[in-house]
1. What's the number of the only condition in (1) more than 24 Å from Tyr170 (Cα to Cα); (2) surrounded by 19 or more Cβ atoms within 10 Å (Cβ to Cβ); (3) touching a strand residue (DSSP E or B) at 6+ places or on another chain (Cβ under 9 Å) that Phe29 fails to meet?
2. Take the residues of the stretch 40-61 that are closer than 17 Å to Gly160 by Cα, without any contact (Cβ under 8 Å) to a residue 60 or more places away in the chain and buried (at least 21 other Cβ atoms within 10 Å of the Cβ): which is farthest from the chain's Cα centre (by Cα)?
3. All but one of (1) modelled with pLDDT under 90; (2) among the hydroxyl-bearing types (Ser, Thr, Tyr); (3) part of a strand (DSSP E or B) hold for Tyr305, so report the exception by its number.
4. Of all the residues that make up the stretch 309-326, how many are surrounded by 18 or more Cβ atoms within 10 Å (Cβ to Cβ) and not in a helix (DSSP H, G or I)?
5. Give me the residue from the stretch 31-48 that is charged (D, E, K, R) and farther than 20 Å from Ala94 by Cβ and, out of that set, modelled with the lowest pLDDT.
6. Could you list, in sequence order, the residues of the stretch 184-213 that are acidic (Asp, Glu) and more than 22 Å from Leu370 (Cβ to Cβ)?
7. Of all residues in the stretch 46-85, count the ones that are polar (S, T, N, Q) and touching a Gly at 6+ places or on another chain (Cβ under 8 Å).
8. State which residue is modelled with the lowest pLDDT when the search covers only the stretch 161-184 and only residues that are more than 20 Å from Ser93 (Cβ to Cβ) and surrounded by 18 or more Cβ atoms within 10 Å (Cβ to Cβ).
Amino acid sequence: MKRTVCAIICAAGNGSRAGFDKNKLLVPFADGCALETALRAFDFAAIDEIVITASERDFSEISKIAAATPRTKVVLGGDTRTQSVYHALKATSAELVLIHDGARPFITREHIEGCIQSVNAFGSGICAIPCSDTVAFTENGYIKSVPDRAGLVQIQTPQGFFRENILFAYERAIESEETFTDDSSVFARYCGKPRLCAGARENIKLTYASDFESVRRCGFGVDTHAFGKEQDYILLAGVKIPSDSGLIAHSDGDVLVHALMDALLSAAGLRDIGYYFPDKDEKWKGASSMQMLSIVMQMLKEKGYAVQNVSIAIQAEKPRLAKYIDEMKNALSCALKIDPTAIGISAGTNEGLGYIGEGKGITVNAYVLLR
């Protein structure tokens, strides 16, 4: 039986380290502000209720933001994060709670769902990623000791628990007037060992003013394939389209995906597809271009990039493509993990001119923007 789930978004701080003259979660950022971005991340079917903590100063402004999202309410926070979370826990009756910092607006649905699954299976779920930097204990400006990095993780949010357990822990913390920087510490102090679940590199915390600077990388890719393969279809974005003949290629000949991959790799400052998927390597003979695209997406993820939007122009005299555009957009939406509205695909002929106009091949131009 599905347990009711409440997402608590902490937004009662003042973000003084960012140096803004207002709460950092409310300054212009991305599409609105950081709080709006975080709120949208939790606005899906698995979440039954959202509770946002707010300071007295920001209560009115945050309430206006919350009003645009159903099932959301705002509660007054406290002087510390510990007090604010305690107030939020008392304001919900959900069986399972996810506690999230509003300063982490890039959390994905995949990791939210993973956190919920961890709570259901193990009683808690703490998003975390392996520590990639060397860390050290210091004393008086000197390194005192360096722990083994292999046993270290960077703790993120959301952090999930059964409400009755984490509320019990917070009641003890409030009674003892202890202050904690995160919820796993409270749980560990009064309940038991918290269980880790998968976090994400892109789930960064916005702390300083420089974190709010938008980083965008654009890339362009172009590819051409000739007709001539003994096949009664072509593939574009993995969609099978009837054709007099197929496109000649070492892989499955998906010229659209090949142009797109080159654009993605270029935007990230990486080499082209010929470098990563050479046509002399039998491994890629007849390979699915959509699977190759998933490899490129993993490469981008490891460098900290995500796709913001895509624009693709197909030049083909044949076959006619208009009725397949939506299907192509939906396929790319799943592969790129972006909304179909962030993908533009146009298809045109070459007015009978050149190899395209003569029906000898197809050329695709792709433009991408990464964040």
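The values are calculated or read from the model by the stated rules, or taken from the named source; none is laboratory data. As the structure is a prediction and not an experimental result, all values here were calculated from the model. Cβ placement follows ideal geometry from the backbone for every residue including glycine, while neighbour counts extend to all protein chains displayed.
1. Only one criterion is unmet by Phe29, namely (3).
2. Ranking the qualifying residues of the stretch 40-61, first place goes to Thr53.
3. Only one criterion is unmet by Tyr305, namely (3).
4. Adding up the residues that qualify gives 7.
5. Within the stretch 31-48, the match that is modelled with the lowest pLDDT is Asp31.
6. none
7. 4
8. The extreme case among them is Phe180.
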